[in-house]
Structure formats: C-alpha cells, structure tokens
Amino acid sequence: MTSRAFARLVAFRAPPAIGTRLRAVSDNAVGDITAGQAWRALSAHAERIGDRHLREFFAADPGRGRRLAAEAAGLYLDYSKNRVDDATLAALMALARERDVEGRRDAMLAGEPINVTEGRPVLHTALRAPRDASVTVDGENVVPGVHAVLAAAGAYAEAVRDGSRRGHTGRPLRNIVNIGIGGSDLGPAMAADALLPLAPDGLRVRFVSNVDGSDLVESLRGLDPAETLFIVASKSFGTLETLTNARSARDWLLQGLGAGEEAVRDHFVAVSTNAERVAEFGIDTENMFGFWDWVGGRYSLDSAVGLALMIAIGPAGFAEMLSGFRAMDEHFASAPLEANLPVLLGLLGAWYANFLGAESHAVLPYDRYLARFPAYLQQLDMESNGKSVTLDGKPVSWATGPVVWGEPGTNGQHAFYQLIHQGTHLVPCDVIAFREPVHDLGVHHELLLANALAQPEALAFGRTAEEVAAEGVDPALVPHRTFAGNTPSNVILGERMGPAALGALIALYEHKVFVQGAIWGINSFDQWGVELGKVLADTIAEELRTGAVGAHDSSTAELIARVRDRADG
Ligand code: G6Q
C-alpha cells in the first residue's frame, strides 16, 4: 500500500479508547446472525437455487467465465464455477454489509483491539506497511519499530550469507536450523520450501518442531555443529516443544564442538517477544530479534519469525515477498466488496458452509513449491475460525470454519480426488496455478496447467449418464462412470511462483479468513482450543516421570499404565 493510502486508511479512527477487555467483549454483542435480513434472504435463496447445476448457470450466461472473475496483486481469480448467480452474489454482498465486514476491516487496520479475548490489536498488516506509514498502538507509531527489526534481521541474514558472521570455531554457518512450532514453524517452513530456488547452493535450512526426538535427530543428521546456526523462534519463549528441542540442540552443539557455554552465543539466536526468558535460556539478547504482542503466531511469517527464510532467500527476496503481501493488503483495504478477492473467497466459502452444507474445503496447488501451503493454511484457517462461540461468548447456531485440506496437483488426482468427483461430500476447491514455470522443462508445465484447468472443468460439469452411454459403455457400468459434477471451485492463476506471488497469496488467505470471522461474529485471533491438551499433557508428563498417577478416566488410566509398564521395562 502506498504510504499515503495507508495513512488515509488508518487516520480516520482514533487509537483504541476501550479500557478493559471485558468492556471490549460486551461492546461486541453479536446476536443471532441467522435472524438478520441478509442471512434469511440467503436461506430462502439457497432453497431455490441450491441444487441448480453449474451446467445451467453456464448455459444461461455464455459470458459467465469472463464476467465472474477479479484480479489483484498479480492474482487472477476465476470464481465462475461456483453455484451462484447474480442474486446470490448480491445477497452475499448484503450479508458482508450487514455484518459490517468493511468496518471490522478498518478497525483491524487502524489497530483497534479487535482480539477481544486477549485485549489486543491485530496488526500483521503493519509488518508490511511502508516505512513512512503510521499505525498507532497505545499512542505509539509501531511502523518504525517494524522497520528497525527488519533492518537488523536483514543485516544479520546478510552476514550469515556472506560468511562474515561465523561459528565459534571460525567456520561459516552453512546449516540453519529453525526451532519453533505452530506459528513459529509452519509459515517459515512453508515459505522456505516455496522459495527454495532462491536459496544459495550449499546452504541447508531445516525446521524442527515436534517434541518427538526423532524430529531433532533427523534434522541434525549429517550436520557439522561448527557450521550450524540455531534460530529459536518462540513468541512466548515458553513453549514446551521448542524449549525441549532447543535444550537438546544446545547439548548437541556443545558436545559436538567440545566447547563450553560461551559457544552458544555464536550458534544460537532467538526470535521472541520475551527477552527475559531468552536471556534465561542463555542466548545473548543482542542476538534476539523482537516482535510484538499484536502479531498472532500464525500471522507472523513476515516478521523476524521469518529469519530462517530471510537467510535462505536474502533480505531482498524477503522484501519482495513483503511487497506481495502489501499489494494484497492495499487491494483488500480499498477495492469495492464486489471486486475484492478476499471478500469474494470469504463469502463464497460462507455460502457453502452455511447454506449448502459443505464441511470441508480443499486447497489444491498445481505447484510443487506450494506443497506445504495446505498445511500452513490448515493452521491459518482452522486455528482462526475453528470457534463455536461469538465475540461476546454466546454459542453459535451456524457453521464456522470448515476443515481445510489438500495436497499438490497432479499428485492428489491419483489419490483423493476420487472422493471429490464421485463421493457423497460436497467439497468446494481452490485450484492454484501459475502461467510460467519456475523451471522450464519443456512439456512439463503445459501438462501441469492442462490438469489444473481440466480438473475444475470436470468437477463443475461432470459427465452425464447419456454422455457415458453414448460412448458405448456397457450399461451396467454407466452409473459407475457417471460424474454428477456441480462441484464448485475457484481458480487462482498467478504469473510465476516467487516471493511476491507467495506474499500476495498468503495475504489473500489471511484476509479471507478475516472476512469469514467477521461474517460469523467470532474471534479469529485467539486459540484457546490448544490450551486444555497442553495442561493435561503437563500433568501426565509429571505422572509418567514420578509414577504418582492421579485420577483419570478408565481409558486414560489404562493407557498410562501400559506406557509406564513399557517404561519400567
Ligand atoms: C498461532 C498459535 C500457535 C503458536 C505456537 C508457538 O497463532 O498461537 O501456533 O504459534 O504455539 O508459540 P510460541 O511462538 O510462543 O512458541
């Protein structure tokens, strides 16, 4: 976003005046959104057209394929193969207006504490704001701080890349191991894989997340400690998995080097908001890159949490990725709802989830470099919108976020697409593809794209029994070879996979998730659902260690006994 556009956008709202978290929650009374006029209109509309076939929609409007499309930040969205007509789209737009999606968007961009259960603003967009923009939190412009950290992380990344920053024994740091989990792992891991072609030969970037020791062992396999840099990425610096892995990594390092604690400062850096804990762990806070409370873990890839990525692709590549994010932010902030890509994707998703009974959503990238993208989106979407109470704590009576899943095409075609084509579930799909290949190997890319275009066509139009019979198929086989079609899909077509395209794509989904959260009246920015398991695991870990097992249900008690038997040998 240009700095002027950004400034305009945030200027009209004063910094948050809301004093307490509870007050903020009660200010967000959601009510029964199904009683709203737009919702009721959509329910009635779904009764009328919910089963209408995509064949009919296309037959009725020969220009549909070109008309139902929008473009922004280098991404072309064809949403014509959705089970909607103009009335559906108008009703969905009315729903967005009724739910004040624009007002909530502006509140987010202006730094209001829209994460009401944690009393925080939600400002991942500030992470890619231009240097001279101003975004105010508690009376302070946060943008200079963002750029200061980016510059420091960039300088550090450059020093590792050019060998001026070296390990304890003077060897260059050629192995980068990021230790983090969830938001401190999935984003950088996905992006480092997505932008692999930009990494210099000889630089190895690995990610350790699981507390399963095998993850650490496999990630360190073959690495020379003298050439290994650990990035401990943890917003809280209190996450069990990350600290356990970091401690074992420290032991591995010191043992491998035969050195004392003083070697830690040359081989460990931290990315965190918690300087105290970083220092406690033994990492010099000079080697710490900060971020802020107002960045949620799953929205933090474009902060210093992306340090491993920055080392891999260089600060210039990282800046290019931020420009892609920014282009999509600007579009989301300013485009009319009808032409706004995240709004369109969000509303279409709500149409299927709330009115046509879809329970899942498949993301199918036709690009090997996006292999980890569905896993990344699972966290982004399901941790954000997997909620069942509204902002003011009332149970919802409507569906919220779907199960998100997917794998790259064409691989998935030879596996689970069968269910999408001929199973009993309605699975709306996003197909993502790029016109130009990253590697031009002749026929490959054409074949890849042919498949990326053929699948949405097959999903939408299927093959009727008459068409199958007309091919001379044995009548007994006709039902088996018939495709009902009418499976909706979006096609997102970019020019070429690279940092800017990736940034735009991530921001597209971030904002889509936001739009849906606003529609459903839920808080997309907390994640209390991960807490209970953590607490119970702490208890059981203590019980396994000490043998003093407390009260549990009979199933858990039996399982603990079996694990302990095994442990006792
Ligand atoms: C993301 C979640 C969660 C978090 C991890 C790691 O939005 O909050 O996935 O990122 O639990 O937390 P730390 O970064 O604090 O270690």
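The values are calculated or read from the model by the stated rules, or taken from the named source; none is laboratory data. It should be emphasised that the depicted structure is a prediction, and the values quoted were computed from it without experimental measurement. Cβ coordinates were reconstructed from backbone atoms using ideal geometry, including for glycine residues, and neighbour counts include every protein chain displayed. Surface areas here come from the heavy atoms of the whole protein model, side chains and all, with no ligands, DNA or RNA. Shrake-Rupley method; radii C 1.70, N 1.55, O 1.52, S 1.80 Å.
Observations on the model:
- Applying the criterion of being open to solvent by 30 Å² or more (accessible area, probe 1.4 Å) and more than 16 Å from the ligand (Cβ to nearest atom) to the residues of the range 381-391, the residue that is farthest from residue 28 (Cα to Cα) is 388.
Per-residue answers, yes or no, for (1) among the hydrophobic types (A, V, I, L, M, F, W, C); (2) farther than 17 Å from residue 352 by Cα; (3) modelled with pLDDT under 95:
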| site | (1), (2), (3) |
| --- | --- |
| 7 | yes, yes, yes |
| 12 | yes, yes, yes |
| 20 | no, yes, yes |
| 30 | yes, yes, yes |
| 67 | no, yes, no |
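- Some residue of the range 229-237 being within 25 Å of residue 365 (Cβ to Cβ) and at pLDDT 95 or above: yes
- Test for residue 353: is it open to solvent by 10 Å² or more (accessible area, probe 1.4 Å) and free of Cβ contacts under 8 Å to residues at least 24 places away in the same chain: no
- Residues of the range 356-377 satisfying the condition of being touching a Cys at 6+ places or on another chain (Cβ under 8 Å) and open to solvent by 10 Å² or more (accessible area, probe 1.4 Å): 361
- Residue check for residue 193: of a type in the set (Asp, Glu) and assigned to a loop (DSSP other than H, G, I, E, B): no
- Pairs with Cβ under 7 Å, 6+ apart, first in the range 135-153 and free of Cβ contacts under 8 Å to residues at least 60 places away in the same chain and of a type in the set (A, V, I, L, M), second part of a strand (DSSP E or B) and open to solvent by 40 Å² or more (accessible area, probe 1.4 Å): none
- In the range 275-303, the residue that is farthest from the chain's Cα centre (by Cα) out of those that are over 21 Å from residue 322 (Cα atoms) and within 13 Å of the ligand (Cβ to nearest atom) is 281.
- Verdict on residue 375 being in contact (Cβ under 8 Å) with a residue 12 or more places away in the chain, among the hydrophobic types (A, V, I, L, M, F, W, C), more than 23 Å from residue 483 (Cβ to Cβ) and within 16 Å of the ligand (Cβ to nearest atom): yes
- Members of the range 210-226 that are part of a helix (DSSP H, G or I), among the charged types (D, E, K, R) and more than 16 Å from the ligand (Cβ to nearest atom): 218
- Any hit, the range 130-140, residues being of a type in the set (A, V, I, L, M, F, W, C) and closer than 20 Å to residue 328 by Cβ: yes
- Only residues that are in contact with a strand residue (DSSP E or B) (Cβ under 6 Å, 6 or more places away or on another chain), more than 14 Å from residue 248 (Cβ to Cβ) and not charged (D, E, K, R) were counted across the range 204-222, and they come to 2.
- Qualifying residue in the range 126-138 (condition: at pLDDT below 95, surrounded by fewer than 23 Cβ atoms within 10 Å (Cβ to Cβ) and among the aliphatic types (A, V, I, L, M)): yes
Residue by residue, here is whether (1) hydroxyl-bearing (Ser, Thr, Tyr); (2) touching a residue at least 24 places away in the same chain (Cβ under 8 Å); (3) open to solvent by 40 Å² or more (accessible area, probe 1.4 Å) holds:
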site: 499; (1), (2), (3): no, yes, no
site: 505; (1), (2), (3): no, yes, no
site: 511; (1), (2), (3): no, yes, no
site: 518; (1), (2), (3): no, yes, no
site: 526; (1), (2), (3): no, yes, no
site: 534; (1), (2), (3): no, yes, yes
site: 547; (1), (2), (3): no, no, no
site: 555; (1), (2), (3): yes, no, yes
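- Pairs linking a residue in the range 227-255 that is under 21 Å from residue 156 (Cα atoms) and within 14 Å of the ligand (Cβ to nearest atom) to a residue that is part of a helix (DSSP H, G or I) and aliphatic (A, V, I, L, M), with Cβ atoms under 6 Å and 6 or more positions apart or on different chains, are 231/307; 231/308; 232/246; 233/305; 237/278.
- Wholly within the range 55-168, helices (runs of 4 or more DSSP H) carrying at least 1 residues that are closer than 30 Å to residue 39 by Cβ and out of contact with any Phe, Trp or Tyr (no Cβ under 6 Å at 6 or more places or on another chain): 64-67, 86-98, 101-109
- Within the range 243-302, being open to solvent by 50 Å² or more (accessible area, probe 1.4 Å), of a type in the set (Asp, Glu) and in a helix (DSSP H, G or I) holds for 251, 261, 262, 276, 280, 286.
- Residue satisfying condition, being under 20 Å from the mean Cα position of the chain (by Cα), of a type in the set (D, E, K, R) and in a helix (DSSP H, G or I), within set 510, 558, 542: 510
- Hits in the range 304-344 (condition: under 20 Å from residue 135 (Cα atoms) and within 16 Å of the ligand (Cβ to nearest atom)): 304
- Leading residue by the ranking (nearest to the chain's Cα centre (by Cα)) among those in the range 157-182 that are within 16 Å of the ligand (Cβ to nearest atom) and open to solvent by less than 10 Å² (accessible area, probe 1.4 Å): 180
- Filter pass, residue 339 being in contact with a strand residue (DSSP E or B) (Cβ under 6 Å, 6 or more places away or on another chain) and open to solvent by less than 10 Å² (accessible area, probe 1.4 Å): no
- Residue count for the range 183-221 satisfying the condition of being of a type in the set (S, T, N, Q) and surrounded by 24 or more Cβ atoms within 10 Å (Cβ to Cβ): 1.
- Taken over the range 37-54, the criterion of being in a helix (DSSP H, G or I), open to solvent by less than 40 Å² (accessible area, probe 1.4 Å) and at pLDDT 95 or above is satisfied by 38, 39, 42, 45, 46, 54.
- Residue check, residue 110 closer than 20 Å to residue 516 by Cα and either touching a Lys or Arg at 6+ places or on another chain (Cβ under 6 Å) or among the small types (Gly, Ala, Ser) (or both): yes
- Of all residues in the range 496-544, those satisfying the criterion of being within 16 Å of the ligand (Cβ to nearest atom) and charged (D, E, K, R) are 510, 526, 531, 534, 538.
- Of all residues in the range 557-569 being of a type in the set (A, V, I, L, M) and either surrounded by 11 or more Cβ atoms within 10 Å (Cβ to Cβ) or in contact with a Phe, Trp or Tyr (Cβ under 8 Å, 6 or more places away or on another chain) (or both), the one that is farthest from residue 332 (Cα to Cα): 561
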